[in-house]
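Enquirer: Mind having a look at this structure? Questions to follow.
Readers should treat all values here as calculations from the given coordinates under stated rules, not as data from a laboratory. Not measured: the values here are computed from a predicted model. Because the Cβ atoms are built from the backbone with ideal geometry, glycine has one as well, and the counts that use them run over all protein chains shown.
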Amino acid sequence: MKIFGVSQSSGVERRLYVERGPEGMVLIIKDHDSSKEWARILVQVDDLMCSITDPPAGGCTVEGISPSHGWKMLLQVQVRRNEVWLEARPASGEGADVAVGLDDFQDALEGAINHV
């Protein structure tokens, strides 16, 4: 499922794709205009769901991997009222961020989880 959002660090319009992977949930962050892919991360469904259904103050970090390379990645998740801010990055280095509506994100997760 595709969700429209915006980068909190650059102000660029972005899209977040939420897909069911073979061993979890795949999140893909792309620029809206150029479709340039900035990040792709595979995370465990339970870890991701806990980060938004019972969000800790200040957010949390969910461990994941790069589906195409297998290296460790981190997903910073912060719920701010009715939006979710996500930043996917390698274990060391810069990442890509996107802020999307909380309801849209929850709907996308539910849709991907129930997709057979």
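Enquirer: Treat each spin label as a single point 7 Å out from the Cα along the C-beta direction, and report the residue 1 to residue 106 distance in nm.
Expert: Placing both labels 7 Å beyond Cα along the Cβ direction yields 1.1 nm.
Enquirer: For the chain, would you read off the P(r) tail past 17 Å as a percentage of all alpha carbon pairs?
Expert: Distances greater than 17 Å cover 49 percent of the Cα pairs.
Enquirer: Still on this structure, I have one more. Set the Förster distance to 30 Å, then compute FRET efficiency between residue 33 and residue 68 from the Cβ-Cβ distance, nearest 0.05. List each step's numbers first, then the result.
Expert: Details: r = 23 Å, r/R0 = 0.78.
For R0 = 30 Å, the calculated efficiency reads 0.80.
Enquirer: For the chain, give the magnitude of the charge dipole about the Cα centre (Cβ charges: +1 Lys/Arg, -1 Asp/Glu; no others), in debye to the nearest 20. Kindly include the intermediate steps, with their values, before the conclusion.
Expert: Details: 11 positive and 18 negative charges, 52 e Å.
Here the size comes out at about 240 debye.
Enquirer: Can I ask one more? Can you pull out the trypsin sites (Lys or Arg not before Pro) in segment 49-116 whose DSSP state is coil and whose Cβ has at most 11 other Cβ atoms within 10 Å?
Expert: Working: sites: 72, 80, 81; in loops: 81.
Loop-located and lightly packed - 81.
Enquirer: Separation between the residue 9 and residue 91 pseudo-spin-labels, each 7 Å from Cα along Cα→Cβ, expressed in nm?
Expert: It works out to 2.0 nm between the two label points.
Enquirer: Work out, step by step, the length gained on full extension between residue 54 and residue 23: first 0.36 nm times the residue separation, then minus their alpha carbon distance; give nm to one decimal. Each step should come with its number before you reach the end.
Expert: Details: separation 31, 0.36 × 31 = 11.16 nm, distance 2.25 nm.
Length gained, residue 54 through residue 23: 8.9 nm.
Enquirer: For the chain, what is the calculated [θ] at 222 nm in deg cm²/dmol (nearest 500), taking -39500 (n - 2.57) for each run of four or more DSSP H residues and dividing by its residue count?
Expert: Values: 2 runs with 22 residues, N = 116.
Rounded to the nearest 500, it is -5500 deg cm²/dmol.
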